[in-house]
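Asker: Before I ask anything, let me first share the structure, which is written out below as structure tokens.
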Amino acid sequence: MNKYMEIAKKLSEDNLKTNVGGPFGACIVKDGKIIGKGSNHVLSNNDPTAHAEIMAIRDACKNLNTYDLSGCEFYVSCYPCPMCLSAIIWSNIKKVYYGNTKEDAANIGFRDDFIYSYIKKLIEKDDDKSVLELESMDREETIKTFNSFLKKSDKIIY
């Protein structure tokens with residue numbers, strides 16, 4: 001077994017004993033060194049975003065003092081949910097190794113499929129209001145801040 005995947009698996013196994021969240025673990029590696037680790041803490045943190053991947057990203061960013069994890073590899077015990085996939089993309093990680101599949105997660109009760117379906121419908125311009133209602137409001141005012149940002153000479157795009 002790959003040594004980094006073994007760490008992700010151990011983090012997920014350890015989480016079974018704590019009941020702080022689901023059986024998920026993750027570690028981030030850069031240049032052969034672990035720079036971030038995480039396990040699911042949704043229940044203990046009362047935080048639906050405290051997935052193993054998010055916790056590992058937060059840990060790695062803190063340890064490297066950066067928001068940019070370019071050049072890192074991610075090892076996760078399960079295929080990332082849509083939120084975690086987005087966070088991984090935002091952090092500039094280009095390679096993810098996963099153990100269990102999203103179907104395996106569904107088989108133990110973690111149902112991300114409705115989110116994937118919802119996102120697909122958004123892309124097809126067919127909002128599913130039974131999942132989430134999105135309504136544009138006051139853009140003529142909020143766009144002013146975006147326009148100001150566009151004009152800033154010292155802006156940082158991340």
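Conditions (1) surrounded by 23 or more Cβ atoms within 10 Å (Cβ to Cβ); (2) out of contact with any Asp or Glu (no Cβ under 8 Å at 6 or more places or on another chain); (3) not polar (S, T, N, Q), marked per residue:
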position: K10; (1), (2), (3): no, yes, yes
position: E13; (1), (2), (3): no, yes, yes
position: N19; (1), (2), (3): no, yes, no
position: G25; (1), (2), (3): yes, no, yes
position: K30; (1), (2), (3): no, no, yes
position: L43; (1), (2), (3): no, yes, yes
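Asker: Restricting to region 99-112, name every residue that is part of a helix (DSSP H, G or I) and of a type in the set (S, T, N, Q).
Answerer: N107
Asker: Identify all residues within region 113-151 that are outside any loop (DSSP other than H, G, I, E, B) and within 20 Å of L85 (Cα to Cα); write none if there are none.
Answerer: D113, F114, I115, Y116, S117, Y118, I119, K120, K121, L122, I123
Asker: Please name all residue pairs, on different chains or six or more residues apart, with Cβ atoms under 8 Å, provided the first residue is in region 90-101 and is free of Cβ contacts under 8 Å to residues at least 40 places away in the same chain and the second residue is open to solvent by less than 90 Å² (accessible area, probe 1.4 Å) and among the acidic types (D, E).
Answerer: Pairs found: S91/D68; N92/D68; K95/E73; V96/E73.
Asker: While we're looking at this one, here's another question. Pairs, please: C-beta under 6 Å, at least 6 apart or cross-chain, first residue under 22 Å from N46 (Cα atoms) and in region 17-30, second at pLDDT below 95 and open to solvent by 10 Å² or more (accessible area, probe 1.4 Å)?
Answerer: Filtered contacts from region 17-30: P23/L16.
Asker: Which residue is most open to solvent (accessible area, probe 1.4 Å), if the candidates are limited to region 64-92 and must be small (G, A, S) and within 21 Å of I119 (Cα to Cα)?
Answerer: The selected residue is S86.
Asker: Let me ask you something else. Which one of I34, I57 is within 11 Å of F74 (Cα to Cα), at pLDDT 95 or above and under 13 Å from the mean Cα position of the chain (by Cα)?
Answerer: None of the others qualify; the one that does is I57.
Asker: From D59, D126, D138, D104, which residue is at positive phi and charged (D, E, K, R)?
Answerer: D138
Asker: Under 6 Å between Cβ atoms, which residue pairs at least 6 apart in sequence (or on different chains) link something in region 76-88 that is among the small types (G, A, S) with a partner that is not in a helix (DSSP H, G or I)?
Answerer: Final answer for the pair search is S77/F24; S77/G25; S77/G99.
Asker: Being acidic (D, E), modelled with pLDDT of 90 or more and surrounded by 12 or more Cβ atoms within 10 Å (Cβ to Cβ) narrows it down to one residue among D104, D113, D128; which is it?
Answerer: Working: D113 fails: modelled with pLDDT of 90 or more; D128 fails: modelled with pLDDT of 90 or more.
It is D104.
The values are calculated or read from the model by the stated rules, or taken from the named source; none is laboratory data. Bear in mind the structure is a predicted one, so any value in this text is a computation, not a measurement. Because the Cβ atoms are built from the backbone with ideal geometry, glycine has one as well, and the counts that use them run over all protein chains shown. We work out accessible area using only protein heavy atoms, side chains counted, and drop any ligands, DNA or RNA first. Shrake-Rupley method; radii C 1.70, N 1.55, O 1.52, S 1.80 Å.
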